[in-house]
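Reading through the structure tokens given below for one structure.
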Amino acid sequence: MGAPTRVRRWRHTAIALGAVGAALGTLAACDDVEGGLRASTVAVTTDKVGTRALERGGIDVQWLTCTAQIKREDNDASGEPRSRDTGRAQVSCRGKTEKSQDLEIGGTVTYVREDRCVRGALTGKLAGRVVFEADLIGECGSGRSA
């Protein structure tokens with residue numbers, strides 16, 4: 001009787017693993033991708049490196065959350081088809097400081113290195129006042145860090 005029970009458990013485990021794999025594949029397939037940029041990666045990475053940059057600047061971040069949308073541009077300014085490696089994403093982050101002041105980071109992202117750096121044209125604000133304007137946040141391997 002022990003063998004059929006083991007087979008049944010194995011079958012249930014295999015079905016569960018297959019369902020998890022299918023769910024993860026579906027989530028990845030739904031993520032908007034353009035020029036190598038994924039909207040979810042842009043949002044999460046901007047959140048992480050943006051929080052670190054604000055904290056290095058002396059701002060006590062209580063929370064920060066970001067969203068991103070891939071900007072689709074089929075043609076460049078001359079009307080020629082745009083290369084697939086020129087993706088851009090619009091990112092918008094909102095949050096609060098420990099003193100309940102509003103935080104914002106927003107702009108256009110052209111490159112991310114997961115959990116390490118964001119490149120583009122970004123502006124950070126504290127209570128509506130600009131605290132940084134940067135084309136790079138984090139460590140992108142150039143030795144520079146914002």
- Message: Can you find a residue that is of a type in the set (Gly, Ala, Ser), out of contact with any Pro (no Cβ under 8 Å at 6 or more places or on another chain) and modelled with pLDDT of 95 or more anywhere in the range 69-79?
- Response: no
- Message: Any residue that is modelled with pLDDT of 95 or more, among the basic types (Lys, Arg), at negative phi and surrounded by 14 or more Cβ atoms within 10 Å (Cβ to Cβ) - is there at least one of those in the range 129-141?
- Response: no
- Message: Cβ-Cβ distance below 6 Å, separation of 6 or more or different chains: which pairs start in the range 41-66 with a residue that is under 17 Å from Thr108 (Cα atoms) and without any contact (Cβ under 8 Å) to a residue 60 or more places away in the chain and end on one that is assigned to a helix (DSSP H, G or I) and not polar (S, T, N, Q)?
- Response: Cys66/Ala43; Cys66/Asp47
- Query: Out of all the residues in the range 49-61, is one or more in the same structural domain as Val131 (by TED's automatic domain parsing), modelled with pLDDT of 95 or more, over 19 Å from Leu122 (Cβ atoms) and not hydroxyl-bearing (Ser, Thr, Tyr)?
  - Reply: yes
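The values are calculated or read from the model by the stated rules, or taken from the named source; none is laboratory data. Treat the numbers as computed from the prediction; the structure is a model and nothing was measured. Cβ: placed from backbone, ideal geometry, glycine included. Neighbour counts: every protein chain shown.
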